[in-house]
1. Suppose the chain between S23 and W67 were pulled fully straight at 0.36 nm per residue; how much longer would it get relative to their current alpha carbon spacing?
2. Just add up the charged neighbours of E26: K/R +1, D/E -1, any other residue whose Cβ is under 14 Å from the Cβ of E26.
3. V13 to C55: extension gain in nm, 0.36 nm per residue of separation minus the Cα-Cα distance?
4. Please sort 33-43, 55-65 by packing, taking for each peptide the average over its residues of neighbouring beta carbons within 10 angstrom, highest first.
Amino acid sequence: MKCPGQDMRNLRVTVHKCPTCGSEVEIFSDESKIRCKKCGTVVIKEQVPSCISWCASARQCLGEERWKQLMGDSEEITKKQDTITK
């Protein structure tokens, strides 16, 4: 069985507004952030719980390098969201 999150056919796109210039940016479901093409600001997608944070096999499923990359993004997003809400 293959993880459905790894299947490129299941990608979804959401549109977010850049907090700096208000331009619309598209973020795909396999991305957590993207740079605004108009002003260069990094737009961060709201973090939703994913299997990466709770699945015991996530590290093995994704591979060590990708797991570390995604976990780093997760921690970075949480810190930025905490800073914004304070």
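Every number here is computed from the coordinates shown, using simple stated rules; none is lab data. On a predicted model such as this, the values are computed, not experimentally measured, just so you know. Cβ: placed from backbone, ideal geometry, glycine included. Neighbour counts: every protein chain shown.
1. My answer for the length gained is 12.8 nm.
2. Spelling it out: positives minus negatives among the neighbours equals +4.
3. Working: separation 42, 0.36 × 42 = 15.12 nm, distance 2.38 nm.
Length gained between V13 and C55: 12.7 nm.
4. Final packing ranking: 33-43, 55-65.
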